[in-house]
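Working notes, beginning with the structure itself.
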Amino acid sequence: MTESSAGQGMRLFADAVARVERIGEQAGVDGEVVDQLRRPRATLTSSLEVRMDDGSTRYFTAHRCQYNSVLGPTKGGIRYHPEVSLGEVQALALWMTMKCAVVDLPFGGGKGGVELDPKSLSHLELERLSRAYVRANADFIGPDTDIPAPDVYTNARIMGWMADEYEAIKRVRAPGVITGKPLSMGGSEGREEATGRGAFIVINELANLRGMDPRQTTVAVQGFGNAGYHVALLLQGCGYRVVAVSDSKGGIFSGDGFDIESIYRHKLAEKKLEGVYCDGALCELIDFEQISNEELLELDVDILVPAALAGVIDTHNAAKVRAGIIAEVANGPISGEVDAELHERGVIVLPDVLTNAGGVTVSYFEWLQNRGGYPWSLEKVRARLRDKMIPAFRSVHELVENEGMTYRAAAYVKALRRISEGIAARGTRDYFSSTSE
Ligand code: NAD
C-alpha cells in the first residue's frame, strides 16, 4: 500500500461517514444512531506470514472490519488489491451496513481486505495466503458472528479454501461461515449473476415508472467484470440499447448498441475490449469506435452504469456527466461532494446500497441454504431475489415521492430507520432517562 492509498482510504471513510451524518441530520434521524455509525464496532488488522514458492517468507497486511451488528451478524466481502487500506475497508463495511438494512436482511455490515497484487502470486501462494487470512481471523469470523464473501479479485475458489481452513481449525462442518463458495462446497445457484440481476431489476423498475421505452433507452456500462457484464446482458435482453462498455484497458462505443454476449466471448478470449468483433449477424453490421473510460462517463446516454471502481465521478468530471440516470453498480463510484450538484442538475442517482444489493441478498440465500441443509433451484433463487429487490426499490421510491428526497437519501433514511429500530429495541437514552424518573 502506498502512502497515497492510505490517505485515499481515510478520505473515502470520512466521506462515507459525512454522508451518513448529512442525510441523518436532514431526515431528523436520532443522533444516537448516527453517533453509533461514526465508527466501526471492531477491526482486526493482522500480518499474514506466507511461505513463497522460492522458500522465502513474505508478510501481507490484512484487515477485517465488523462495522455494525445491530441487525445481525456482520456480512461483507474480502478484497485482494494493492490499494487496500484500513480506511477503504471501513468505508466498504459502513456501506455494507446500510445495504443490508435497505434490503431488509438480518445482517449488519462488515468487510475485509489484504494489501497485495494477487496477479503476482502463484496459485499455491494464493492458497497459502487465503488460508493464512482465515487462521488470523478464525476467532473473529463465524456463521453467527461475521460472514465473509468474495469481492474484487477474490472468487469462489478462494472462498472454498477459506471455508475449508475454517472447518479444519474448528473441527466442524460450517459452510455458513463464508458465502460465494463453489456449488460443490455449498455455494448457491445464481450467486454469480446476482449483483447484475439485482441492478437490472432496480434499473428496470425505475425505467418502467418513468415510462421509458427500453428500445429508445441508451446505456453505457463502465467495467465489464462480473457485475458489469451481467447487468449489461440483462438490460440488452430486455431491449435496452447498450451503446458503450469498457474495462481497465479502455472502452468501445456503438450508437446502434452491442451484442453483449459476443463481446464477452471476445473479452474472455482476448482479455481486453480493444479490437472487439462480433460474429452474430446483427453485430457484423455494427461499427464501433474506441473510447477512453473518461469519455464513457461523459457520453450523452440515458443511463450510465459505473460498475468498476470507487470515486470515478467527483468534482473533476461531475459537470461533464450528461446521463439522466446513474445506476451505481460499483461501490462508491460517486464522491459525496457532488451528490448535491448532480441532484440540482436533475440527474437521478440510483445508489449503490440499493442497486448492487443483489449480491449480498443471494449470499444471504446461500447462508440460509447452508443452515437448512437444502439447496434451492436457480428459479427459486431468482424469484426470491425479485421478491427482495422490488419491495426494497418501491419502499425507497415511496420515500422519494412522499418526502421529496433523492434516491440516495431515501435509501439511507430507510436503512437508518431500520437500524434505529434495532437500537431502540435495546433501549436508547430517551427510554432509560424516562424510566429512571
Ligand atoms: P470484477 O473484478 O469482476 O470486474 C471489475 C471490472 O472493472 C473489470 O472488467 C475490470 O477490467 C474493470 N476495471 C478495472 N479498472 C478499471 C478502470 N480504471 N476503468 C474501467 N474499468 C475498470 O469485479 P466485480 O465483482 O464486477 O465488481 C465491480 C464493482 O462492483 C466493485 O466496485 C465491487 O465492489 C462492486 N460490487 C460487486 C459485487 C459482486 O457481487 N460482484 C457486489 C456488490 C458490489
Hits in region 220-234 (condition: crowded, with 23+ Cβ neighbours inside 10 Å, more than 9 Å from the ligand (Cβ to nearest atom) and within 23 Å of D151 (Cβ to Cβ)): V221, V231, A232
Residue check, Y407 under 21 Å from N208 (Cα atoms), hydroxyl-bearing (S, T, Y) and either crowded, with 19+ Cβ neighbours inside 10 Å or within 16 Å of the ligand (Cβ to nearest atom) (or both): yes
Residue under evaluation E83, criteria (1) surrounded by fewer than 21 Cβ atoms within 10 Å (Cβ to Cβ); (2) within 15 Å of the ligand (Cβ to nearest atom); (3) part of a helix (DSSP H, G or I), criterion not met: (3)
Yes/no for S254 being away from the ligand (no atom under 12 Å from the Cβ) and either closer than 23 Å to A310 by Cβ or modelled with pLDDT under 95 (or both): yes
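Within the bounds of region 45-52, is there any residue that is among the aliphatic types (A, V, I, L, M), crowded, with 24+ Cβ neighbours inside 10 Å and either more than 16 Å from the ligand (Cβ to nearest atom) or assigned by TED's automatic domain parsing to the domain that holds E127 (or both)?
no
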Which listed residue, of A6, A27, A16, is out of contact with any strand residue (DSSP E or B) (no Cβ under 6 Å at 6 or more places or on another chain) and either among the acidic types (D, E) or more than 21 Å from G108 (Cβ to Cβ) (or both): A6
Among residues of region 337-380, those that are small (G, A, S), within 16 Å of the ligand (Cβ to nearest atom) and more than 18 Å from L234 (Cα to Cα), counted: 1
Selected residue (criterion: surrounded by the fewest Cβ atoms within 10 Å (Cβ to Cβ)) from residues of region 302-313 that are closer than 18 Å to T406 by Cα and within 16 Å of the ligand (Cβ to nearest atom): I313
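The values are calculated or read from the model by the stated rules, or taken from the named source; none is laboratory data. Treat the numbers as computed from the prediction; the structure is a model and nothing was measured. When we count neighbours, we look across all protein chains shown, and the Cβ atoms used for this are built from the backbone with ideal geometry, even at glycine.
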